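Novice: The structure's right below; bear with me while I get my questions together.
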Amino acid sequence: MNIGPVSTDGKPAGPFDHDRAAAAVRELLIAIGEDPDREGLRDTPARVARAYEELTGGLRKTAEDVLTTTFDLGHDEMVLVRDIELWSMCEHHLVPFTGVAHVGYIPAESGKITGLSKLARLVDVYAKRPQVQERLTTQIADSLMEILDARGVIVVIEAEHLCMTMRGVRKAGARTITSAVRGIMHNAATRSEAMALINAAHR
């Protein structure tokens, strides 16, 4: 698995081209029948370009960038961070989807763990790019297994997709839930423990 600075399809990610992005936004405004030179839109192409640079920042980061700090504490029990807020961008319509990620892992036998904030940053690496929720879920899980040498990982993402809210079926409030389970998290008892911790807030 390639977990370096790559685009979502695994090819090397290029630098963000602000001028090209702004020019494309200007052309889009013309295409929808707007005047990009009117007062309210004059600075919009540059603003949108800056926004997209931030919203796709995960393309220019790596999982290793955020998981470099580890601690050998001899801890061999489950670590789980629940309700990590995420924003991503549907790669089919380029509109947002937003929700929460629950990320848990069982450390390697050496007891190597990472900082709790690093799990949230890892979510951002893969969320801040054109994405689909299913792939986002598996990329987070696979990175934890490979970089931390975790014995088990569980990732559950709950998200609302604006491509279903703003257009198409227009079902506001519908949430999509995806999960990825790796290693000893396939054990029924271990997985049940993780799901009980994840669902505790909803009781």
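Let's see how each residue does on (1) surrounded by 15 or more Cβ atoms within 10 Å (Cβ to Cβ); (2) acidic (D, E); (3) not assigned by TED's automatic domain parsing to the domain that holds C90:
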{"residue": "A13", "(1), (2), (3)": "yes, no, yes"}
{"residue": "I32", "(1), (2), (3)": "no, no, yes"}
{"residue": "E39", "(1), (2), (3)": "no, yes, yes"}
{"residue": "R42", "(1), (2), (3)": "no, no, yes"}
{"residue": "A49", "(1), (2), (3)": "yes, no, yes"}
{"residue": "T68", "(1), (2), (3)": "no, no, no"}
{"residue": "L73", "(1), (2), (3)": "no, no, no"}
{"residue": "M78", "(1), (2), (3)": "yes, no, no"}
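Novice: Of the numbered conditions (1) within 11 Å of the chain's Cα centre (by Cα); (2) outside any helix (DSSP H, G or I); (3) surrounded by fewer than 17 Cβ atoms within 10 Å (Cβ to Cβ), R135 satisfies every one except a single condition; which is it?
Specialist: (2)
Novice: Among L148, L136, which is the only one that is touching a Leu at 6+ places or on another chain (Cβ under 9 Å) and modelled with pLDDT of 95 or more? Outline the logic, then answer.
Specialist: On the way: L148 fails: modelled with pLDDT of 95 or more.
Sole residue among the options that is touching a Leu at 6+ places or on another chain (Cβ under 9 Å) and modelled with pLDDT of 95 or more: L136.
Novice: Moving to a separate point now. Given the options K171, K118, name the one that is in a loop (DSSP other than H, G, I, E, B) and farther than 15 Å from M89 by Cα.
Specialist: On the way: K118 fails: in a loop (DSSP other than H, G, I, E, B).
Residue meeting the stated conditions: K171.
Novice: Of all residues in the range 175-194, count the ones that are touching a helix residue (DSSP H, G or I) at 6+ places or on another chain (Cβ under 6 Å), basic (K, R) and touching a residue at least 40 places away in the same chain (Cβ under 8 Å).
Specialist: Residues that pass the stated criteria total 1.
Novice: Kindly indicate whether M164 is without any contact (Cβ under 8 Å) to a residue 24 or more places away in the chain and either surrounded by fewer than 20 Cβ atoms within 10 Å (Cβ to Cβ) or in a helix (DSSP H, G or I) (or both).
Specialist: On the way: without any contact (Cβ under 8 Å) to a residue 24 or more places away in the chain: yes; either surrounded by fewer than 20 Cβ atoms within 10 Å (Cβ to Cβ) or in a helix (DSSP H, G or I) (or both): yes.
In short, yes.
The values are calculated or read from the model by the stated rules, or taken from the named source; none is laboratory data. Please read these numbers as outputs of a predicted model, since none were measured by experiment. Neighbour counts run over all protein chains shown; Cβ positions are idealised from the backbone, glycine included.
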